[in-house]
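Scroll down for the structure; my scribbles are underneath it.
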Amino acid sequence: MEKELGNVVTERILPPTEQEVSNEIDVKVKKYMRGEGANLEVLKDKKLKGQLSAIEDLYGKSAKAAAEVEKWLMPSEGGYLETEGLEKTWRIKQETISHEVDILSRRNQHDIILPALGPYSIDYTSNGRYMAIAGRKGHLALVDMKDLNLIKEFQVKETVRDVVFLHNELFFAAAQKKYPYIYNREGTELHCLKEHGSVRRLQFLKNHFLLVSINKFGQLHYQDVTTGSMVGSFRTGLGRTDVMQVNPFNGVIATGHSGGSVAMWKPTSSAPLVKMLCHPGPVSALAFHPNGHLMATSGAERKIKLWDLRKFEVLQTLPGHAKTLDFSQKGLLAYGTGSFVQILGDFSGAQNYNRYMAHSMAKGYQIGKILFRPYEDVLGIGHSMGWSSILIPGSGEPNFDTWVANPFETSKQRREKEVRSLLDKLPPETISLNPTKIGTLMAVKKKEKKTKKERDAEEEAAVDAAKGITMKKKTKGRNKPTKREKKKHEIIEKAKRPFLHEQIKEEELSRKKSRLSEEVELPKSLQRFARKKTAT
C-alpha cells in the first residue's frame, strides 16, 4: 500500500512469505487473462468506453479469482523422473516404475493381445475416462479406463481405419470400408455418412461440433453433428493422405501430404490458409502442442522438425523417423516407429526437446498410433497385435477443472454439460489462424486532409483529362464550331464540379468555427436573458 504525503511516498513492505505468494499469484493471473486488454483510448463514444472498461475490470477480477483458486485449492503439482549421478531417465524401464508406484497407477500398465484383429487405432474422451478402440478387421469396443470395465464390443465385419469420440462418450464415429458411421454407447448404428465417401482419417472439433474427414480422393468434409448439415466440402488438390490433425488452440485442420507440404484448412474457405513445405519427402506424421503455437512434423527423410506457428520457422530438428506423433498436456512429445516408442521433454522451457523416456515393444510389433491419456500419466499405444498402456510420469495435467473435463462426472453432470456446450457452440466462421482477434476493436483510421497544392494538382489533372476528350463528328448542322465549344465547356465544368463542392463545404465549416469563436459567453447570472436559438 502506498500513501503520498507531500513529496514523500511511503510503501508498505510485505513479509517475505506474503511477497512470494503475491508474486506467484501475479504470475498465475497472466495465465488466466484473456489476452491483452483492448486499447480504449481510440474510442470517442464515452458510453461504449465506460461499458468496455467495466468488462475489462471484470476480466481482471475473474482472472485473479481463478489464480487464487489454483494457488489454494489445486495444490497438486506434476513431477518428472529424476535421476542421480550417471543414471539416465531413458534407461528406466516400465518394470522398475511399476515397483515404485501405487496399485491404482500400476493398473494403468497393461497389454491386450488380439493378433487376429489388428492393427488397432485408439481414442480417448476429453476427460480421459473412456477409450474407444478400433481393429482394422472390424473390431470396435468401448472401455471404462477408471475401473477397466468393457462397456461394449461388437464386430462390424469390414475394414475400420479410424475411430474418434464425438462430444462425449455416448457417441463415436468409425471410418469403415466405404463410409463413416456414427454409433452410440450401446453399439447401435445411428447414421451412415455416405457423402464423406471412403474415409482415411477422422477428427472432431468439440467447440464447433464439427466432424471432419478426409477420404481416399483427398476430399475434406466438415459436417455439423447437431444439425446434420454439411458445412464445408472441397478438394485439397494434394492427393491422398493418412495424416490429419486438429490444432486445439484455433480449430484449424492440418493435413500432411506426399510432396512434403502441410496445408491448414478452415470450413469456410476452399483454399488453404497456410501451405508450408516442411520436408523434402512425404510427411508421415504431425502433432500440435496444447498451446497451439508449436507443431511437430515427421518426414520420410528420417527427421522430426518442431515449428513455431507464429513465425512459421523451424525451432529444432531431431534425427529419427516417426509413424505417429502426439503431445501430452504438459508438453511432452512422443513418437513411435516400428516397435519402439521415444518420449522427448522440454525441461528448460526454451523449446529445446531432449530424450526423456523410451519403451520397446515385443519384437515384430508395428506401432500404428500413440495417444496420451488426458489427466493421467499414461500413454496409450495401438499396434499390430492389440493395444498397450505405459506410464509416463509428468505427462498429464495433475489438476482438472470440472467445468471443462471431469473424469468423475455423473450422468446428471454429463447432461448439464452437454446442454451448456450446445448453448456455447461456436459457428464455423470463428475458425481462424489467430482467434484472439475475435472481439477486439478495429483501429479508427483518420482521413488525411489533402493540402491545397494536392487539390489544385488533382483539379488540373481532371481538367486536362477533360480537354483531351475527342469529340465525335456528327451530321451536318450538328457539328458547328459553337456547339462543339459549348460541349467542351460543359465537360470541363463537370470535371471541376466535385472540387467546387468540396471547397464550398470547407468554407462553410470554417465560417461556423469562426462564428462560434466570435460568440462571447455571458456570465452565469445573465445567461437566462440570452436569446434562445430556434431549433431547425
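The values are calculated or read from the model by the stated rules, or taken from the named source; none is laboratory data. As the structure is a computational prediction, the values presented were derived from the model and not from experiment. Cβ atoms come from the backbone with ideal geometry, glycine included; neighbour counts cover every protein chain shown. The area values use the complete protein model at the heavy-atom level, side chains included, leaving out ligands, DNA and RNA. Shrake-Rupley method; radii C 1.70, N 1.55, O 1.52, S 1.80 Å.
Some points to look at:
Quick grid of which residues meet (1) of a type in the set (Val, Ile, Thr); (2) open to solvent by less than 80 Å² (accessible area, probe 1.4 Å); (3) over 31 Å from the mean Cα position of the chain (by Cα):
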site	(1), (2), (3)
GLU41	no, no, no
LYS71	no, yes, no
LYS88	no, no, yes
ARG91	no, no, yes
SER98	no, yes, yes
HIS110	no, yes, yes
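- Scanning region 41-53 for residues that are of a type outside the set (S, T, N, Q) and under 17 Å from THR440 (Cβ atoms) turns up GLU41, VAL42, LEU43, ASP45, LEU48, LYS49, LEU52.
- Contact map, region 492-516: first residue assigned by TED's automatic domain parsing to the domain that holds ASP464, second residue assigned to a helix (DSSP H, G or I) and of a type in the set (Val, Ile, Thr), Cβ cut-off under 7 Å, separation 6 or more or different chains; pairs are ILE492/VAL463; ALA495/VAL463; LYS496/VAL463.
- Within region 368-388, the set of residues being surrounded by 20 or more Cβ atoms within 10 Å (Cβ to Cβ) and of a type in the set (S, T, N, Q) comprises just one member, SER388.
- Matching residues in region 232-259 - criterion: being over 14 Å from PRO272 (Cβ atoms), touching a helix residue (DSSP H, G or I) at 6+ places or on another chain (Cβ under 8 Å) and open to solvent by less than 50 Å² (accessible area, probe 1.4 Å): ASN250, GLY251
- If you go through region 134-164 and pick out every residue that is open to solvent by 40 Å² or more (accessible area, probe 1.4 Å), touching a residue at least 12 places away in the same chain (Cβ under 8 Å) and not in a strand (DSSP E or B), you end up with 7.
- Residues of region 405-421 that turn out to be of a type outside the set (D, E, K, R) and open to solvent by less than 80 Å² (accessible area, probe 1.4 Å), as a count: 6
- So LEU391, is it open to solvent by 20 Å² or more (accessible area, probe 1.4 Å) and not charged (D, E, K, R): no
- Among residues of region 223-248 that are under 19 Å from GLY299 (Cβ atoms), those with a Cβ under 6 angstrom from a residue that is open to solvent by less than 30 Å² (accessible area, probe 1.4 Å) and among the β-branched types (Val, Ile, Thr), sequence gap 6+ or separate chain, pair up as THR241/THR255; VAL243/VAL283; MET244/ILE214; MET244/THR255.
- The listed residues are THR402, THR440, and the only one of them that is more than 20 Å from the chain's Cα centre (by Cα), in a loop (DSSP other than H, G, I, E, B) and farther than 30 Å from SER339 by Cα turns out to be THR402.
- Residues of region 219-256 satisfying the condition of being hydrophobic (A, V, I, L, M, F, W, C) and closer than 23 Å to ALA287 by Cβ: LEU220, LEU238, VAL243, MET244, VAL246, PHE249, VAL252, ILE253, ALA254
- When GLY382 is tested against (1) more than 30 Å from the chain's Cα centre (by Cα); (2) part of a strand (DSSP E or B), only condition (1) is not met.
- In region 352-367, the count of residues that are outside any loop (DSSP other than H, G, I, E, B), open to solvent by less than 30 Å² (accessible area, probe 1.4 Å) and farther than 21 Å from ASP111 by Cα is one or more.
- Residue list for region 165-181, restricted to those being surrounded by fewer than 21 Cβ atoms within 10 Å (Cβ to Cβ), aliphatic (A, V, I, L, M) and under 22 Å from THR255 (Cβ atoms): LEU166
- Residue count for region 335-348, restricted to those that are more than 15 Å from MET295 (Cβ to Cβ) and open to solvent by less than 60 Å² (accessible area, probe 1.4 Å): 8.
- When residues of region 319-334 are limited to those that are open to solvent by 20 Å² or more (accessible area, probe 1.4 Å) and not in a loop (DSSP other than H, G, I, E, B), the one nearest to MET131 (Cα to Cα): ASP326
So that you can scan it fast, the table gives a plain yes or no per residue for (1) touching a residue at least 40 places away in the same chain (Cβ under 8 Å); (2) assigned to a helix (DSSP H, G or I); (3) farther than 28 Å from LEU325 by Cα:
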residue: GLU56; (1), (2), (3): no, yes, yes
residue: TYR59; (1), (2), (3): no, yes, yes
residue: ILE97; (1), (2), (3): yes, yes, no
residue: LEU104; (1), (2), (3): no, yes, no
residue: ASP111; (1), (2), (3): yes, no, no
residue: ALA116; (1), (2), (3): no, no, no
residue: SER121; (1), (2), (3): yes, no, no
